[in-house]
Amino acid sequence: MFATLLIDHRLALLALAALLIVAGAPLAYAWATLLPDELPPFEVRPAGAPEDLASNRKNPPKKNPFAVLLLVCVTLSYVLRFPGLPLAAGLHWLSTLLPAEYFNWTVLGGRWFFVVVPGLAAAYSALRPNPMRIALIVGGLLILALWLLSPMLRAAIATA
């Protein structure tokens, strides 16, 4: 590959580690936005207000189910590109379930699905407002970059 001639193996390792860390941070933030907010420690209620109705509680933000589905798919896409994940065991198990003529097409379709979904999540979040908008845009673009740059960086690391 052309990248192995241009990039030193130490620089490639540093770039891969930085890309993995930076791509995981928006996903962690997006998952954290799905958690309910904590109540303030010393909540002040107006006099005569019922016990269960507090004046300074916010209405929980509506969660977009399609954005949550995209977040799940983008997270799976990130996990699949993580180095050291034993994909061979999963592929071997899948090969026992599927007929031989469908196995290669299923693996190819799965790879394309997990390459396209981060870009789809970034495009969807850019066009439709949702609570995880910025995290899905940044995370989707970085994971797409991880899918595209990871093979070149791994090849440069292997040439050491």
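The values are calculated or read from the model by the stated rules, or taken from the named source; none is laboratory data. All values derive from a computational prediction rather than experimental measurement. Heads up, the Cβs are rebuilt from the backbone with ideal geometry, glycines too, and the neighbour counts pull from every protein chain shown. SASA here: full protein model, heavy atoms, side chains in, ligands and nucleic acids out. Shrake-Rupley method; radii C 1.70, N 1.55, O 1.52, S 1.80 Å.
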The lone exception for Ser125 - which of (1) over 13 Å from the mean Cα position of the chain (by Cα); (2) under 16 Å from Ala23 (Cβ atoms); (3) open to solvent by 50 Å² or more (accessible area, probe 1.4 Å) it fails: (3)
So which of Arg45, Arg57 ends up being modelled with pLDDT under 85, of a type outside the set (Ser, Thr, Tyr), open to solvent by 100 Å² or more (accessible area, probe 1.4 Å) and touching a Ser or Thr at 6+ places or on another chain (Cβ under 8 Å)? Arg45
